[in-house]
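Undergrad: Encoded as structure tokens, here's the structure I'll be asking about.
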Amino acid sequence: MAKNSGRSRAPRGASSQAESKPLWRRILRGVFVWGGALALLGAIFLGTAVFFTMRELPDYSALKSSQNGQMIVVRARDGRELVSLGPSYGKWMPYDEIPAIMRDAIVSVEDRRFREHPGVDLIGLARAVYMSITTDSRAKATSTLTQQLARNIFLTNTRSWNRKAREMVLALALERKFTKDQILELYLNKVYFGGGAYGIDAASRKFFGHPATELSTAESAIIAGLVKAPSNYSPTADVEAAKGRGKVVLGLMAREGVISQAEADSVDFSDVQVAKEKGQNSVRYFTDWALPQLDMLLPENNEPIEVWTTLDPAMQDAATKSIDANVPKGAQGALVSLDKDGAVLAMVGGTDYVNSNYNRATSALRQPGSSWKLFVYLAALEAGYTPDDRVVDEPVTIQGWSPQNDGRNFAGQIDVRTAFAYSKNTVAAQLGNEVGFGTVASMAKRFGITTDINTKPAMVLGTSEVRVIDMTRAFAAVSAGGTSVEPYGITKVTTTSGELLYEHKSVQGQVLVPHYVAAGITDLLQTAVAIGTGRAAQIGRPVAGKTGTTSSNKDGWFLGFSSGITTGVWMGRDDAKRVAGLSGGHAPARAFSDYMKVAVAKRPVEQFDTELKLPEWQLEPDDEQMQGNPDDYYYTDENGNLVHPDGATPDQPPYGGVPNGPAPNGAVVPPDYGPQGAPAGPPPAAGNDFLDRATGREREDPGLRPGQGTGAYPGARPTPVPRVMPTPRPTPTRIPGTTQP
């Protein structure tokens, strides 16, 4: 007891501190030990990765010869080279031949510690992480020149941690294998500067028109500033933005001590002359439309290719000149020209591609005005009208809408041909009302209009927006005799070694309307140019076409064809404001004429087929008028549905049959069109009373003399049976299948 009682005990608090202090030290020691071990393992792993990557890197000569991107040579229809797209590589510039100011500029703006870091800028990376933590923003670490080179040669621009890690490993490997001067030489010869230019020599030639050995201080600063955002600072796109960026680069160079501030301030950017891009206005609208189609025509391919197109250089040049010479000041113009098989011979999407690459020929949506009447009269001709039928140009109100003619006057009784030639709005409104606005819309869709179409009464005057290429396609289908035409621009694609990758195959067009309808509308279109609103489009040989002008002169159109070539011209402002004096019969028609005189010069003169080979049911001879049964008739409503006079549809009594099959009463539901679009079998006749009710015809006025009060042009053929415009009625059509005399 005495022995034990002689021992002294430490205070409870002191014992607790002695026990806790070794634990803290153990934890700290563990952190350092494990952290050091992990860092060592990471260093070993990184060193191993860099070592093996360095061994697998190509040698310097192989890196010099490697190229990025796909080269595309675009050729005209005659084989000559139109333009070379994709990457452009200038002369390889050895390090010693690269102007020192160019080397200093790129280092100052892209990687000011280039000569100090091992490929990855740890200081810049640490600063970026610190700024991210303290400012609560995303880390924005600028890649070094070596990292950018690694990405350009070996990787993609995909944003991911995996890509960034691989980029760093490659950068470290490049720094171990090559010198700083070699890396800078590779960078300046391979980096992308915009406009398809890879390397400073290609950029110098593209933007300034001379080799890189002649670069001035201002030009070097502009090129160095392009790497950050080539599309934003391109001298050919925005020269002022490029110069502004160049001044920023000079400021960075002065801050790094490469040049003095006085030298930076003395640089005169007004002396910089930007080279004009060659061939941009002549073909780029066309190539911008045609080349994206390669994604559908070819399998995935990265090798250089040659694309053979339908574009005719002489016609393209004539098209550009015709637009430039005739477009009103402050307005834009577009032109599309198609061969009879749909091949695009020329395409102009605007007055200046460099200033605006927006393709108004294929992308812009504009109102077609009276050129839309093509579809109104096609529907009327298909419903039974002929060019010689009489109509009445008089005031009319349809569903509260009262159209007016251009001259605010009315011609009274005229024939269809004259109404179309002089673009009578009241007649077009009455025809559209009679055949049905939905029928007109369906006709437009049938002829290739791809945009939305409204069916309000005013639609007959072209209130629905369309594209120039679609309207040109519709007129080309008329030129082809009522057969569909599909525009195309690529005939074949080959590799540079000649291997065929794609070849265009001609496809037989679909019959859109009967041949007599196409002949009738061609008759009307020819008259519109001969004596009507399109007289300025005459070229000394047969031309068929139609003008179009929208309200307040916002849009002017002329579309027509001659000798197998169909051309559409549009003019107007991009902001859809009024253009003083613009009308389809003036500037657009003159541009059409100027172009077509060149386009058809080497083609034989072709006469139009305007002979109306009408089906027998439409001839209606007198000896057939007294025969037939009114029950054998049906109507077509606005939606194209067959309706019997008593309200029954063809699949209900009294028909109850199927297309091209027998019906209970012995009639046959109408068959498809036969040869040249004519009905396959003769229809029955009917009594005069029923015909009068069904067609709206009135008896001939004995007091009306041929040509009296018609306002027709000299030589017009009057018809003895005038057609007046009644209230809305369906389109009569006979059901074939009954006995004919």
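The values are calculated or read from the model by the stated rules, or taken from the named source; none is laboratory data. Fair warning: this is a prediction, and the values are worked out from it, not measured in the lab. Counting neighbours? That spans all protein chains shown, and the Cβs are built from the backbone with ideal geometry, glycine included. Note: accessible area is taken over every heavy atom of the protein model, side chains too, but ligands, DNA and RNA are not part of it. Shrake-Rupley method; radii C 1.70, N 1.55, O 1.52, S 1.80 Å.
Undergrad: Got a sec? Which of ILE101, ILE106 is in contact (Cβ under 8 Å) with a residue 40 or more places away in the chain, open to solvent by 30 Å² or more (accessible area, probe 1.4 Å) and part of a helix (DSSP H, G or I)?
TA: ILE101
Undergrad: Still on this structure, please answer the following. Might you check whether a residue that is modelled with pLDDT under 95 and hydroxyl-bearing (Ser, Thr, Tyr) occurs anywhere in the range 504-511?
TA: So far as the range 504-511 goes, yes, one or more of its residues are modelled with pLDDT under 95 and hydroxyl-bearing (Ser, Thr, Tyr).
Undergrad: Six or more apart or on different chains, Cβ under 6 Å: which pairs go from a residue in the range 450-461 that's of a type outside the set (A, V, I, L, M) to one that's open to solvent by less than 50 Å² (accessible area, probe 1.4 Å) and not in a loop (DSSP other than H, G, I, E, B)? Could you list them?
TA: Note: pairs meeting the criteria are THR450/ASP470; THR451/VAL466; THR455/PHE437; THR455/GLY438; THR455/ALA441; PRO457/ILE398.
Undergrad: Same structure, new question: Test ALA528 against the criterion of being under 20 Å from GLY462 (Cα atoms), buried (at least 24 other Cβ atoms within 10 Å of the Cβ) and touching a Leu at 6+ places or on another chain (Cβ under 6 Å), and give yes or no.
TA: Spelling it out, it is not the case that ALA528 is under 20 Å from GLY462 (Cα atoms), buried (at least 24 other Cβ atoms within 10 Å of the Cβ) and touching a Leu at 6+ places or on another chain (Cβ under 6 Å).
Undergrad: Something else: Report yes if some residue within the range 218-235 is open to solvent by less than 30 Å² (accessible area, probe 1.4 Å), of a type in the set (Ser, Thr, Tyr) and more than 30 Å from ALA343 (Cβ to Cβ); otherwise report no.
TA: Yes, the range 218-235 has at least one match.
Undergrad: Further, regarding this structure: Of ALA601, ALA576, ALA591, which residue is more than 30 Å from VAL517 (Cβ to Cβ), hydrophobic (A, V, I, L, M, F, W, C) and modelled with pLDDT of 95 or more?
TA: ALA601
Undergrad: Could you list, in sequence order, all residues of the range 461-502 that are part of a strand (DSSP E or B), closer than 29 Å to SER442 by Cβ and of a type outside the set (A, V, I, L, M, F, W, C)?
TA: The answer is THR483, TYR488.
Undergrad: If I ask for residues that are closer than 17 Å to PRO368 by Cα and open to solvent by 30 Å² or more (accessible area, probe 1.4 Å), which ones from the range 469-487 would you list?
TA: Hit for the range 469-487 is ARG473, nothing else.
Undergrad: Quick one: is VAL83 assigned to a strand (DSSP E or B) and under 30 Å from ALA218 (Cα atoms)?
TA: Yes.
Undergrad: Let me ask another. In this structure, is THR495 touching a Leu at 6+ places or on another chain (Cβ under 7 Å) and either surrounded by fewer than 24 Cβ atoms within 10 Å (Cβ to Cβ) or small (Gly, Ala, Ser) (or both)?
TA: yes
Undergrad: Sticking with this structure for a sec: Just the residues that are part of a helix (DSSP H, G or I), among the basic types (Lys, Arg) and closer than 22 Å to ALA364 by Cα, please, taken from the range 558-603.
TA: Scanning the range 558-603 gives a single hit, ARG590.
Undergrad: Counting only residues that are assigned to a helix (DSSP H, G or I) and either more than 22 Å from the chain's Cα centre (by Cα) or among the hydroxyl-bearing types (Ser, Thr, Tyr) (or both), how many does the range 287-308 have?
TA: Summing the residues that are assigned to a helix (DSSP H, G or I) and either more than 22 Å from the chain's Cα centre (by Cα) or among the hydroxyl-bearing types (Ser, Thr, Tyr) (or both) in the range 287-308 gives 1.
Undergrad: Determine whether LYS505 is assigned by the TED database to the domain that holds GLU81 and assigned to a loop (DSSP other than H, G, I, E, B).
TA: Judged against the criteria, LYS505 is a match.
Undergrad: Moving on to the next point. Which of the residues spanning the range 548-601 are surrounded by fewer than 24 Cβ atoms within 10 Å (Cβ to Cβ) and aromatic (Phe, Trp, Tyr)?
TA: None - no residue of the range 548-601 is surrounded by fewer than 24 Cβ atoms within 10 Å (Cβ to Cβ) and aromatic (Phe, Trp, Tyr), so the list stays empty.
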